[in-house]
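Structure first, commentary second.
The values are calculated or read from the model by the stated rules, or taken from the named source; none is laboratory data. Since the structure is predicted, the reported quantities are computational estimates derived from the model, not experimental observations. Ideal geometry is used to build each Cβ from the backbone, glycine not excepted, and the neighbour counts take in all protein chains shown. Quick note on the areas: whole protein, heavy atoms, side chains included, nothing else; ligands and nucleic acids left out. Shrake-Rupley method; radii C 1.70, N 1.55, O 1.52, S 1.80 Å.
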Amino acid sequence: MLYTLIVFLPLIGAALAGLFGRVLGVSGSHVVTTGLVTMSALLSWVAFWFVAIQGNAEVVELFPWIESGALEAMWSIRVDQLTAVMLVVVNTVAALVHWYSIGYMHDDPHQPRFFAYLSLFTFAMLTLVTADNFVQMFFGWEGVGLCSYLLIGFWYHKPSANAAAIKAFIVNRVGDFGFALGICAVFFVFQNVEFEPVFEAVPRFVGTEIEFLGGHFDTLTVITILLFIGAMGKSAQIGLHTWLPDAMEGPTPVSALIHAATMVTAGVFMVARLSPMFEYSEFTLALVTFVGALTAIMAATIGMVQNDIKRVVAYSTCSQLGYMFFACGVSAYQAGIFHLFTHAFFKALLFLGAGSVIHAFSGEQDMRKMGGVWRMIPLTYALMWIGSLALAGIPLFAGFYSKDVVLEAAWGAHSAVGELAFVLGILAALLTAFYSWRLLFMTFHGHSRASHEVLHHVHESPPVMTVPLVVLAIGAVFAGMLFAPMFVGEDHGFWGESIFVLASHTALEEAHHVPLWVKLSPTVVSVLGIATAWWMYIARPDLPGRLAAQHAELYRFFLNKWYFDELYDVLFVRPARAIGSFFWKKGDEATIDGFGPNGVASRVLDLARRATQLQTGYVYHYAFVMLIGVVAFVTWYLLVVGM
């Protein structure tokens, strides 16, 4: 009953606010949705104690869901240590976002609909993380995709929001197509979609081959790569990441919910959940590591030149997801989930803190139009400092514990791709510290660049917005030191059977015995990044402009996000538009309509037009026509009848 309530309470709130929002009103919708999600969050901590601390993992079967031939899928709630951690992350952040949204969205006329979407999104994510089979996971997977479309495009009167929602939906469909193919391949090979039977059968298929795309490839490699493509789309890895920064068009609470703890972490969770499959494909693990490392450095380089405060934090999310993936790629799944856990607190804090800044600046998001307000909004300023310290991995803050163990595990893997991930991760850590303090200095310090009217209205956010920030700040400070021994300590018994690692994959064990310089490197580069940001934006504010001018090509490359959007526009968008235009103009209008309804209608109009020309209104014209008719009739009679 406990686990059922955790999953379905947000759905009840979404249904009530969505269907009866006009009856409940704004306040009633707040109470129903926020109250039920908060209750689900509190119960999640209870479940964490029962399952993760006391080790009482279980699967609750609710009802048969799909029965079609050999395909059978129960709707079950699987609650083990991995699920318990995700329940805490998802529901805690979702509850705080709901509370925060009461203040942030107080002027919006469509609040019942917004809160219904938030609760529905939470339910879809809970369905995903509690799934006991691939089909149920896919249901939640597509559910969060649908809800992200609705939330990103919530302000549908803005063309940019509509475009961003469509882009997120389409790019995710690319990844989801790979995920769907992977699930089909699982059923084709294993004749089952339930996790346990599939995991038990995996060792029997090591070294076997499957026919795919006209060739023969390793069975488990094909399946895991297809599944990983789904993770790349949902978790915004390089190549399928272009939707994430545009998703900032949605309200700020949406950004916090999607990009901190829920949708974008679904891919990381999926790889960890399917570790019994990924562990048997060295090629896929190397691919996961490489993609994650490349994403970490790519997003960090873009984030350090962005000027929109939310986009900086969004690219930071993309970069941190890269860390999580390359941790999973070196078989340190525990470290990847630990970083997911801590990241949820400090990244939600940064997103909601950015929302508080935007609220103070009357909707302004461009950091170039901010500055000089740290005394005017001191609480937001202090909380943003805490989030940035955690993100940069400064000792004693949450990010220090999780990011460091990820980098140490990459080094401890003692593989070429692991060493590459370590090097790129260290460089990304340097850039992370730099752009975090660039954001702080441009937003709060220096001379104010806002108009007098905007400055006049700068004020601290109400308690309904700041209290959730304080709660998240507590997590950003203490989540690392409290849970590090449990999640990534030398005794890995905490995770039970929820994560599987082959005995030959010892990266996490080796992480505890790396050289001192490996342990110190992340902190050293973080301090260096902070010092560089201070030098460039406080001591010598003329430097950024001069450097951008001196290295104009590199600056434009980063500012234009490695030109991924432009490349995709040339490769996919324009050809698709040209093909669509051809079939529209030549196929639909010219051929189908031309010879079909439009053509027939045109001929009828032509005949009618010609017939009307006979009706002139002059008697002598009619007499002349009658005479012609008589002559024709007589001629016919003489030629045919007379003969």
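General observations
- Scan segment 180-191 for residues that are open to solvent by less than 60 Å² (accessible area, probe 1.4 Å) and either touching a His at 6+ places or on another chain (Cβ under 7 Å) or touching a residue at least 60 places away in the same chain (Cβ under 8 Å) (or both) and the total you get is 1.
- Output for segment 481-524, where each listed residue is more than 28 Å from the chain's Cα centre (by Cα), outside any loop (DSSP other than H, G, I, E, B) and farther than 27 Å from Gly55 by Cβ: Leu516, Trp517, Val518, Lys519, Leu520, Ser521, Thr523, Val524
- All positions within segment 381-403 that are open to solvent by less than 10 Å² (accessible area, probe 1.4 Å) and in a helix (DSSP H, G or I): Met384, Gly387, Ser388, Ala390, Leu391, Ala392, Ala398, Gly399, Ser402, Lys403
- Residue identified as outside any strand (DSSP E or B) and closer than 20 Å to Pro462 by Cα among Val85, Val46, Val31, Val90: Val31
- Filtered residue count, segment 55-96, keeping only those that are over 24 Å from the mean Cα position of the chain (by Cα), over 28 Å from Gln191 (Cβ atoms) and of a type in the set (A, V, I, L, M): 0
- Residue within segment 359-375 that is surrounded by fewer than 24 Cβ atoms within 10 Å (Cβ to Cβ), over 30 Å from Ala507 (Cα atoms) and polar (S, T, N, Q) present: yes
- Search result, residues across segment 177-219 that are in a helix (DSSP H, G or I), out of contact with any strand residue (DSSP E or B) (no Cβ under 9 Å at 6 or more places or on another chain) and among the small types (Gly, Ala, Ser): Gly178, Ala180, Gly182, Ala201
- Test: residue in segment 229-249 that is open to solvent by 10 Å² or more (accessible area, probe 1.4 Å), on the phi < 0 side of the Ramachandran plot and of a type in the set (Phe, Trp, Tyr): no
- Residue list for segment 33-55, restricted to those being without any contact (Cβ under 8 Å) to a residue 24 or more places away in the chain and either touching a Gly at 6+ places or on another chain (Cβ under 8 Å) or open to solvent by less than 40 Å² (accessible area, probe 1.4 Å) (or both): Gly35
- The set of residues from segment 553-591 being open to solvent by less than 60 Å² (accessible area, probe 1.4 Å), touching a helix residue (DSSP H, G or I) at 6+ places or on another chain (Cβ under 8 Å) and under 16 Å from Leu240 (Cβ atoms) comprises just one member, Lys561.
- Qualifying residue in segment 105-123 (condition: farther than 19 Å from Pro197 by Cα, touching an Asp or Glu at 6+ places or on another chain (Cβ under 8 Å), of a type in the set (A, V, I, L, M, F, W, C) and assigned to a helix (DSSP H, G or I)): yes
- Test for Gly493: is it in contact (Cβ under 8 Å) with a residue 24 or more places away in the chain and not charged (D, E, K, R): no
- Test: residue in segment 250-257 that is assigned to a helix (DSSP H, G or I), open to solvent by 10 Å² or more (accessible area, probe 1.4 Å) and of a type outside the set (S, T, N, Q): no
- Scanning segment 441-465 for residues that are more than 25 Å from the chain's Cα centre (by Cα) and outside any loop (DSSP other than H, G, I, E, B) gives Phe441, Met442, Thr443, Phe444, His452, Glu453, Val454, Leu455, His456, Pro463, Val464.
- Among residues of segment 109-168, those that are touching a residue at least 40 places away in the same chain (Cβ under 8 Å), aromatic (Phe, Trp, Tyr), open to solvent by 10 Å² or more (accessible area, probe 1.4 Å) and farther than 24 Å from Val31 by Cα, counted: 1
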